[in-house]
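The values are calculated or read from the model by the stated rules, or taken from the named source; none is laboratory data. What you see is a predicted model; the values in this text were computed from it and never measured. Backbone-built Cβ (ideal geometry, glycine too); neighbour counts: all protein chains shown. These accessible areas exclude ligands, DNA and RNA; they are computed on the full protein's heavy atoms, side chains included. Shrake-Rupley method; radii C 1.70, N 1.55, O 1.52, S 1.80 Å.
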Amino acid sequence: MIEAVFEEMKAYVGFTAVDAAALRELRPLLEPGLDRVVSRFYEAVQSHAGTRAVLDGTPEQMRRLRATLLTWLRGLFGGEYGAAYCHDRDRIGRAHVRIGLPQHFALAAMEIVRAELDALLREAAPPELEAKRAALHRLLTLEIGMMAESYKQSHTQHVRQLEREAMQARLNEAEQMAQIGQLAASLAHEIKNPLAGISGAIEVIRDSLKRTDPHWPVLGEILRQIGRVDRTVKDLLVYSRPKPPRLQKCDVAGVAERVVRIVREDPLFQKLRFDVVTPGPVPLVEADEHQLEQVLMNLVLNAAQASSEGGLVRLTTTAADEDEVRVVVEDRGSGMTPDVLRRALEPFYTTKARGTGLGLPICRKIVEAHGGQLAIRSAPGVGTIVVVELPRTAPAAGQGTDER
């Protein structure tokens, strides 16, 4: 493919065998000055923050890069511009994609090369200077074209590879979720019903005792642990077999206020401050109110649990634009390290002593089922901000009939 493009461009710019011969004649004249071109090129590269960020700047890397550029410059004057030349240039565009060099920097760098070679050529002052200069400019134009084409092809392959990997990851996740679904169904059948019987029996035994009995708190702890197992099974069921949202017009601001009112009454959070902010009118959205309440309850509880005594948890609801509503849950608690933040939405990952690691993944699934997005920003010692954006009109694929 790249060879065909190269030949087509040669015909387009009028690069001929006469040009090839002219460039071959220039090599002994210009080669002594190519080191200077390399030096000035990298002076320009290292003076720009954008290109400097791609380089690690180590002496070994710079030595290798300088040697590569010098070889490339010598190749300009080899006189042979066929398939081997073309494939050698193709590798350059692919290398730019591999190291993450933006294409506009690569193309701008060619102008530096053009200017430096032009100056070198004028100093050498060969016979038929303008004809040789025109031949060099035509070749550099071909170089830019090949670089752009190679970059495009390599970038396309890179994107396709990422898409294949993402698709494979989704297939793996779907397979994992199917396995979890089967496990959760089995757990629900084999554990949930016996747990209910055990819990009921423990309650009967506890109620037959006086509160001063030393066994009373022991039985209470047993009931709490049973409740913990029961919640774990429910989380597995919700995550592995999520119910499609039952959509109806929903007052997000009202749901937010209700959630904060409930959490505020929890004895565990009496020493926290809660703030509900609604700066202006918030339009209704098409949503499953119960699922939306589950999301906000989880996020507010997370924020409260991360906050220390006297800390503030703020929930803000706004109309992001005419098509979206945004809900922001913010705390000034312990925050997350970059590694924890990176894995925060990963199923079964948790830093809590007690937790399934499914709370945030369930929230994301619910939000995405409504056609929305959930994003997290956090920093250690600063706090965490979770942003939920919901479209006012849910996607058709997620619509269901309201049977409540």
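Among all positions in the range 67-80, there is no residue which is at pLDDT below 80 and among the polar types (S, T, N, Q).
Against the criterion of being assigned to a loop (DSSP other than H, G, I, E, B) and either surrounded by 11 or more Cβ atoms within 10 Å (Cβ to Cβ) or modelled with pLDDT of 80 or more (or both), Phe15 qualifies.
When residues in the range 206-224 are screened for being open to solvent by less than 80 Å² (accessible area, probe 1.4 Å) and of a type in the set (Gly, Ala, Ser), 1 of them pass. Of the residues making up the range 82-101, none is charged (D, E, K, R), closer than 30 Å to Ala125 by Cβ, surrounded by 12 or more Cβ atoms within 10 Å (Cβ to Cβ) and modelled with pLDDT of 80 or more. Within the range 60-81, the set of residues being surrounded by fewer than 14 Cβ atoms within 10 Å (Cβ to Cβ) and in contact (Cβ under 8 Å) with a residue 40 or more places away in the chain comprises Arg74, Glu80.
Residues are listed down the side, and each one gets a yes or a no for (1) at pLDDT below 80; (2) within 30 Å of Phe348 (Cβ to Cβ); (3) open to solvent by 50 Å² or more (accessible area, probe 1.4 Å):
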{"position": "Asp118", "(1), (2), (3)": "no, no, no"}
{"position": "Ala124", "(1), (2), (3)": "no, no, no"}
{"position": "Glu128", "(1), (2), (3)": "no, no, yes"}
{"position": "Leu142", "(1), (2), (3)": "no, no, no"}
{"position": "Met146", "(1), (2), (3)": "no, no, no"}
{"position": "Gln157", "(1), (2), (3)": "no, no, yes"}
{"position": "Leu162", "(1), (2), (3)": "no, yes, yes"}
{"position": "Gln176", "(1), (2), (3)": "yes, yes, yes"}
{"position": "Gly181", "(1), (2), (3)": "yes, yes, no"}
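Of the candidates Val259, Val285, Val277, the single residue that is closer than 18 Å to Ala319 by Cα, in contact with a helix residue (DSSP H, G or I) (Cβ under 7 Å, 6 or more places away or on another chain) and at pLDDT 90 or above is Val285. The residues of the range 326-355 that are under 25 Å from Glu309 (Cα atoms), buried (at least 16 other Cβ atoms within 10 Å of the Cβ) and modelled with pLDDT under 85, listed by number, are Thr350, Gly355. Screening Leu360, Leu296 for residues that are modelled with pLDDT of 90 or more and in a helix (DSSP H, G or I) leaves exactly one candidate, Leu296.
None of Arg138, Arg170, Arg133 is free of Cβ contacts under 8 Å to residues at least 12 places away in the same chain and assigned to a helix (DSSP H, G or I) except Arg170. When you check Arg40 against the structure, is it more than 41 Å from the chain's Cα centre (by Cα), closer than 15 Å to Leu117 by Cβ and of a type in the set (Lys, Arg), yes or no? Against the criterion (more than 41 Å from the chain's Cα centre (by Cα), closer than 15 Å to Leu117 by Cβ and of a type in the set (Lys, Arg)), Arg40 does not qualify. Among residues of the range 372-399 being open to solvent by 40 Å² or more (accessible area, probe 1.4 Å) and over 21 Å from Asn302 (Cα atoms), the one that is modelled with the highest pLDDT is Arg392.
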